Amino acid sequence: MSDGSRGEPAVRLERPVRIQRPWLRRLLRLAIVCLGVAIVAALSDIRLFDRGRECAAAVHGQRQDAVAVCQRAYQDNQDPVIGVLLAKAYYGSGDKDAAKWLARQLETTPQRSDALQMLGRIARDEGENDDAATAFQKARRLHRIERRWEGLAGDDGMLAMVQVDRDEFAEALRLVNDCIADARLAGSFTLQRYCHLAAAKTLTQIGYWPAAAHELDIAADLSTTDFERSGVMYLRGSYESEMHHPEAASSFFQNALRLRGRPQDIQWIRTTLLDLAYSYAEQDAIGDAQRYLADATLLDADHTKESERTWVAARIAYSQHDLAGAASLVEKYFQPPGPGDSSDRDDRIDVAVLGAQIELDRNNLERARYWAQRGIDQAELVRGAQPVLELRPWVLTKRRAPYELLFVALARSHQVEAAAMAFDQWQGRTVRDALARSKSPASLGYRDIADHITQLGQWLPVVSRAPLARKPDPEAVLRTMRDIDLLALIVAQGEVWRLTANHGPPRLTRIGRVDEIKNLVDRFRGNPGDVAAASAVAALLLPDDVFRTTREALQVLIDGELAGLPVAALRRGGLPLVALRPIVRLLRLPETRCVHVTNSGRATVLAYSPGDLPETQREAEQVSLLLHAIGDTGAAATKAVLLSASYDAVLHVATHGKVGMDAAALALADGDVSALEISARGIAPSLAVLSACDAAVSKDPELAGSLVAGFLGAGSQHVVATLSGISDAGAPEIATRFYRAGGRADPVRALAKVQSELAKTSNVDWQRFAVFGLDVCPEDVSESR
């Protein structure tokens, strides 16, 4: 048999398909194992992904099991992303120590930016604003580099709140602007809502009410859950409370509580309950106030809110006419605070004011003076620590209240000179504060308002040094009162007092309550030409000896709700007072009896009308001829021309006058010029004649935010201005007669001459003008006029 018969080729053909080699078998087994491992790993990844997703959902949904869910997810693989979610869950549950510890661990991971944000939130909650600002600023830089807009928007909003806590309102508003822009890039309506809430808080703090309400409306529209709506409701309640609308405030606070639905938010619930209790106490709804106070007390186991609870309890006791109990609680409020206590700076003023009111009701005048002075001291502490914040409208009200109470206590004690100086103190403080008060720009742009606040911060120190606003020499004031003929009408705690001095010691007389004489005074102010009303008001408010024929000026200071009273038109026997004697109006008690008029120098005349004051052009032309000046009218009547008149002898302005919630302003061709700007820029002609509506009017009771105060605060000697609206037709006649009568040399007697003449004519605008400043010294008065 040959070799070919052995079948060797067949054997060779079988070997490749039988897989006899050991290494190949091992390779197959390894592949099977790897496949199994991969399958197990994939299943594990899916499980981890599901757990991470569940953790995120629990945190974002603010579920009560968020901590447990995220702990399981984080234990599986220590993923820093889930670690950040766990830290948020800890924070949301109130376990801030655990949140801080975990955030510290995450600082060395790729999630450092989110960890820093969490550390910033905790630091702010603990009152460590500097540490919070540092953490948020670092987080902002990292989030911007990472282009993570959601995280960046959160940094912006939270850092804005830190800046509000630090009274850095301009920077807070700039951050709010960035917050909204970044939230829009992130496509997050939740973050946009948060940014608008931050804007509302900031604007509320600085008293920009319309803008704050607008932000709250936007935040409400962006709210999608009851939890979010409750936050907006709470801020709306706070807003209404600051606006002194307790009924509306309590309604919003109640809705906020109803929508919250999270029992773990003990601090928020406790604060809201206290706000509710106070709102109901203000409404004298004592049962509701006591119920909410009791609920808040149960939640205040650590006594963090003890001061606030004591304050509300004192308010309730006072409403119940329990004066002894209320007085005891006021004393308790001012005892040294415990370690966890935090009392609001504004509340301390309110509590001291309540203490003074209680003692006045008990006729304990010495203790009333003590508490009133304590309230004044508290207001000064607030003011010294934060000058811009202290100029909020409600703080201005708080500032006046303790002065009023001190005045009443001194007046009832027959300490006339001390009472007069207390009155002068609040007049001077208001002149300074109201001039410097921020005026809301027409635009709601955050950066516009921020720039305005920054400008305010630059102007405030200048205004604060104005002679009109500084603290006077009491001896000089009292000496001057004995050397002039003075009439001051003072409104304090709803009562009208008359302070008079006629070349002798001052005298105080209580006239009655404002509400008892309001209708008669309003009737007269509405129609000063009503002889019967003018005579009745004069009999009520003025002493008999002011109605005498003399060239000595009656120096008049009128406060409060009576501030716009046209004294010149008050009558006796049908004859207006100004026909008997000249009148000069004051903004505070004088330190000197007269001034020497600066009547030489340039004169500037401006007239601007957008088309509805056709007579302003004619007035400017006539006045320019009388003053030998070149008038700037229409588009040429600009702020630059007004500023150029800073050292002129005479400035005459015929235009629209505007009075807003904050201060008055003159309308010029290139924009409005406020009383604050006039004072801060030192626009101080010797004589300023303002032929504009409401030039001597402002929303504050002392006329301190008026254009008159702006010019006098800048250093002008005299300002002729209007106490109400005037007609376009009547003003030119008054202006031209005034200069022909020698108004440049002696504005006090010139205006008196014009008014006494026009009282016999059909001109009805004469009674609406007044000259503010000091009397002209006798040696400068020409007897021939």
Which residues, taken from the range 513-543, are more than 29 Å from residue 765 (Cβ to Cβ) and exposed (fewer than 12 other Cβ atoms within 10 Å of the Cβ)?
-> 515
Among (1) surrounded by 11 or more Cβ atoms within 10 Å (Cβ to Cβ); (2) at pLDDT 55 or above; (3) under 28 Å from residue 148 (Cα atoms), which single condition is residue 47 missing?
-> (2)
Residue that is farthest from residue 746 (Cα to Cα) [pool: residues in the range 617-633 that are open to solvent by 50 Å² or more (accessible area, probe 1.4 Å) and charged (D, E, K, R)] | 618
Selected residue [touching an Asp or Glu at 6+ places or on another chain (Cβ under 6 Å), at pLDDT 85 or above and either surrounded by fewer than 18 Cβ atoms within 10 Å (Cβ to Cβ) or within 30 Å of residue 180 (Cα to Cα) (or both)] from 362, 412, 367 = 367
Number of the exception - residue 262 against (1) buried (at least 18 other Cβ atoms within 10 Å of the Cβ); (2) at pLDDT below 95 | (1)
From the set of residues in the range 513-528 that are of a type outside the set (D, E, K, R) and in contact with a helix residue (DSSP H, G or I) (Cβ under 8 Å, 6 or more places away or on another chain), which is farthest from residue 478 (Cα to Cα)?
-> 527
Condition met for residue 638 (modelled with pLDDT of 90 or more, of a type in the set (Ser, Thr, Tyr) and under 19 Å from residue 616 (Cβ atoms)) = yes
Kindly establish whether residue 517 is at pLDDT below 95, touching a strand residue (DSSP E or B) at 6+ places or on another chain (Cβ under 8 Å), farther than 24 Å from residue 415 by Cα and part of a helix (DSSP H, G or I).
-> yes
Scanning the range 477-511 for residues that are among the small types (Gly, Ala, Ser) and free of Cβ contacts under 8 Å to residues at least 24 places away in the same chain, the one nearest to residue 586 (Cα to Cα) turns out to be 501
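Yes/no matrix, rows are residues, columns are (1) part of a loop (DSSP other than H, G, I, E, B); (2) open to solvent by 40 Å² or more (accessible area, probe 1.4 Å); (3) in contact with an Asp or Glu (Cβ under 6 Å, 6 or more places away or on another chain); (4) free of Cβ contacts under 8 Å to residues at least 12 places away in the same chain:
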position	(1), (2), (3), (4)
67	no, no, no, no
73	no, no, no, no
121	no, yes, no, no
124	no, yes, no, no
152	no, no, yes, no
Helices (runs of 4 or more DSSP H) within the range 676-765 that include 1 or more residues surrounded by 23 or more Cβ atoms within 10 Å (Cβ to Cβ), out of contact with any helix residue (DSSP H, G or I) (no Cβ under 9 Å at 6 or more places or on another chain) and touching a residue at least 24 places away in the same chain (Cβ under 8 Å) | 747-758
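Conditions tested, residue by residue: (1) closer than 23 Å to residue 448 by Cβ; (2) touching a helix residue (DSSP H, G or I) at 6+ places or on another chain (Cβ under 6 Å); (3) open to solvent by 10 Å² or more (accessible area, probe 1.4 Å).
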residue	(1), (2), (3)
194	yes, yes, yes
216	yes, yes, no
229	no, yes, yes
232	no, yes, yes
247	no, no, yes
Report whether or not residue 330 is β-branched (Val, Ile, Thr) and more than 21 Å from residue 253 (Cα to Cα).
-> yes
Could you tell me whether residue 126 is over 20 Å from residue 195 (Cα atoms), at pLDDT below 90 and among the acidic types (Asp, Glu)?
-> yes
If you go through the range 580-616 one residue at a time, how many are surrounded by fewer than 17 Cβ atoms within 10 Å (Cβ to Cβ), within 26 Å of residue 652 (Cβ to Cβ) and in contact with a helix residue (DSSP H, G or I) (Cβ under 8 Å, 6 or more places away or on another chain)?
-> 1
Within the range 312-324, is even one residue among the acidic types (Asp, Glu) and in a helix (DSSP H, G or I)?
-> no
Please find, among 659, 597, 584, the residue that is modelled with pLDDT under 90 and closer than 30 Å to residue 501 by Cα.
-> 597
For residues that are surrounded by fewer than 18 Cβ atoms within 10 Å (Cβ to Cβ) and under 17 Å from residue 266 (Cα atoms), tally how many sit in the range 305-339.
-> 0
Going by the conditions given, is residue 249 part of a helix (DSSP H, G or I), over 22 Å from the mean Cα position of the chain (by Cα) and at pLDDT 90 or above?
-> no
Identify, by number, the condition in (1) under 20 Å from residue 602 (Cβ atoms); (2) assigned to a strand (DSSP E or B) that residue 672 doesn't meet.
-> (1)
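The values are calculated or read from the model by the stated rules, or taken from the named source; none is laboratory data. These figures come from a predicted structure and were not determined experimentally. Please note: Cβ atoms are built from the backbone with ideal geometry, for glycine as well, and neighbour counts cover all protein chains shown. Please note that ligands, DNA and RNA were not included when accessible areas were found on the heavy atoms of the full protein model with its side chains. Shrake-Rupley method; radii C 1.70, N 1.55, O 1.52, S 1.80 Å.
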